[in-house]
1. Those residues that are acidic (Asp, Glu), under 27 Å from Glu374 (Cα atoms) and either at pLDDT 95 or above or assigned to a helix (DSSP H, G or I) (or both), I need them from the range 230-267; list them, please.
2. Among the β-branched types (Val, Ile, Thr) and in a loop (DSSP other than H, G, I, E, B): does that describe Thr433?
3. Which of the residues belonging to the range 310-337 are part of a helix (DSSP H, G or I), farther than 19 Å from Glu243 by Cα and of a type outside the set (Gly, Ala, Ser)?
4. For the range 325-336, does any single residue satisfy the condition of being closer than 30 Å to Leu469 by Cα, modelled with pLDDT of 80 or more and of a type outside the set (Ser, Thr, Tyr)?
5. Looking at the range 155-212 only, could you name the residues that are of a type in the set (D, E, K, R) and within 13 Å of ligand 2 (Cβ to nearest atom)?
6. Could you look through the range 13-50, keep only residues that are surrounded by 22 or more Cβ atoms within 10 Å (Cβ to Cβ) and within 13 Å of ligand 2 (Cβ to nearest atom), and pick out the one that is farthest from Ala210 (Cα to Cα)?
7. For the range 236-291, give me each residue that is touching a helix residue (DSSP H, G or I) at 6+ places or on another chain (Cβ under 6 Å) and among the aromatic types (Phe, Trp, Tyr).
8. Of the conditions (1) over 16 Å from Asn454 (Cα atoms); (2) within 23 Å of the chain's Cα centre (by Cα), Leu272 fails just one. Which one is it?
Amino acid sequence: MTNQLIIFDTTLRDGEQSPGAAMTREKKIRIARQLEKLGVDVIEAGFAAASPGDFAAVRAVAETVKDATVCSLARASENDVRRAGEAIQPARSGRIHTFIATSPIHMQHKLRMSEDQVVERAVAAVKWALEYTDDVEFSAEDAVRSEMDFLVRVFDAVIQAGARTLNVPDTVGYSIPAAWGERIKQLIERVPNSDQVIWSTHCHNDLGLAVANSLSAVMNGARQVECTINGLGERAGNASLEEIVMAIKTRRDVFNLETRIDTTQIVPTSKLVSSITGYPVQPNKAIVGANAFAHESGIHQDGVLKHRETYEIMRAEDVGWNANKLTLGKLSGRNALRQRFTVLNIEFASEEAFNAAFQRFKELADRKHEIFDEDLQALVSDEAIAEVSEHYRLLALRAHSETGILPVARVRISIGNEQHEAEMQGGGPVDATFKAIEHIVHSGTELQLYSVNNITSGTDAQGEVTVRLAKGGRIVNGQGADTDIVVASAQAYLDALNKLHDNLQRAHPQL
Ligand code: KIV
Ligand code: ZN
């Protein structure tokens with residue numbers, strides 16, 4: 001058994017299954033580039049058969065990434081597998097990840113297939129996949145609730161068919177660490193030729209045990225962990241990459257394993273994913289939360305000053321907290337900005353797009369003294385490389401709030417080529433702004449989430465706003481960033497409306 005742990009990142013696939021986190025091609029490329037810099041071994045770029053847009057995104061990631069394997073998910077159906085095979089074709093190293101459910105509850109109620117049919121289909125899927133790549137992964141969906149004897153049978157069959165990686169998912173986040181480790185151990189003991197393949201684990205976090213379960217699997221022989229940045233993912237999310245990697249590194253005495261991860265890229269990657277998906281990181285989140293290395297109590301502060309290790313098991317700079325460097329200011333020119341964007345892996349489709357970003361940078365620098373990398377990320381999130389149509393666009397906004405008087409907002413927006421204006425009162429300036437927008441658009445949407453986070457510190461920091469809107473079964477996250485949070489809120493609201501307007505339809509891989 002090797003002492004290398006393969007880090008399989010599924011932020012762009014399972015992470016994308018979080019409500020409203022669907023990503024455009026360009027956004028996936030930006031995250032994929034950063035994941036490559038971070039040093040993950042495998043990037044699961046999406047589910048190619050979900051829609052033409054998803055196919056194009058997986059293919060674009062496959063064309064871009066050179067230093068990681070690019071993978072597409074595929075249900076065990078011929079069409080899915082062939083779409084995945086075509087999408088990863090440009091990759092220097094490409095993988096197809098095919099899966100089928102193996103638990104009685106899924107086989108009876110979802111698939112309506114017998115055990116024999118499931119085995120037959122799993123084998124067929126692996127064989128179709130092998131026509132495109134010899135790097136084929138097979139997952140037994142809902143392995144946690146599957147019968148052990150049947151799991152052994154399925155895994156035996158797919159090894160014989162040629163699968164190279166066998167993934168054991170806790171799809172519903174039901175397991176506990178000791179049981180999960182035991183399950184992996186038994187599978188490795190009982191499946192014939194188990195030493196010829198890599199055993200992998202994929203844990204969901206419904207009971208808050210995804211990382212613990214994954215680590216238990218590793219202690220029992222798994223050599224690939226499927227995880228996501230910030231633990232993003234379906235429902236309560238997946239095992240968080242940063243926690244897995246730092247546990248392996250910090251407790252080398254226990255695991256004695258290596259990963260290829262450059263841990264100093266963890267915080268920048270976390271910030272990028274958070275800003276692109278609109279999922280903020282809770283302050284007390286391990287490793288990447290704003291308070292993860294903050295010592296509040298006097299006793300702790302005193303201890304850390306005297307001898308750092310008294311209260312710190314990791315160094316903030318080792319996970320990239322010092323990457324938040326002052327970068328640019330009001331006097332910085334086009335070349336300095338261009339260089340900084342290159343360092344941040346941000347490319348512009350045209351000189352025009354760069355000029356628009358430069359213009360916005362200048363406007364921001366007028367209002368904000370110091371410009372950090374995170375500000376630049378936010379700047380391009382909604383401006384230079386936006387792919388979402390700008391059917392709704394903010395032209396002007398005036399919000400007034402005064403103690404004792406109901407806040408009022410006046411907004412002017414364009415819808416296509418027409419301009420509209422409305423003024424409304426509300427419980428606060430943001431509420432009044434949203435009411436004014438709704439007065440114009442009558443969107444019929446439900447506001448599911450409104451959140452504001454400061455991108456950097458200080459009262460002149462940009463506020464990054466996420467607005468989640470739902471309509472007719474579709475959920476989207478809109479984002480906006482500005483030093484004025486009312487403006488950022490209006491931008492976020494209109495961004496969400498634009499995403500709904502684009503009306504991209506996609507299938508869910510697990511339905
Ligand atoms: O949770 C799950 O079972 C999955 C599979 C498709 C691997 O995401
Ligand atoms: Zn999953």
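The values are calculated or read from the model by the stated rules, or taken from the named source; none is laboratory data. All values derive from a computational prediction rather than experimental measurement. No Cβ is skipped: glycine too gets one built from the backbone with ideal geometry, and neighbour counts run over all protein chains shown.
1. Hits for the range 230-267 are Glu242, Glu243, Asp262.
2. Spelling it out, it is not the case that Thr433 is among the β-branched types (Val, Ile, Thr) and in a loop (DSSP other than H, G, I, E, B).
3. Result: Thr310, Arg334, Asn335, Leu337.
4. So in the range 325-336, the residues closer than 30 Å to Leu469 by Cα come out as none.
Scanning the range 325-336 turns up no residue that is closer than 30 Å to Leu469 by Cα, modelled with pLDDT of 80 or more and of a type outside the set (Ser, Thr, Tyr).
5. Filtering the range 155-212 for residues of a type in the set (D, E, K, R) gives 156, 164, 170, 182-183, 185, 189-190, 195, 206.
Asp170, Asp206, listed by residue number.
6. Phe47
7. Phe255
8. Here Leu272 meets the rest and fails (1).
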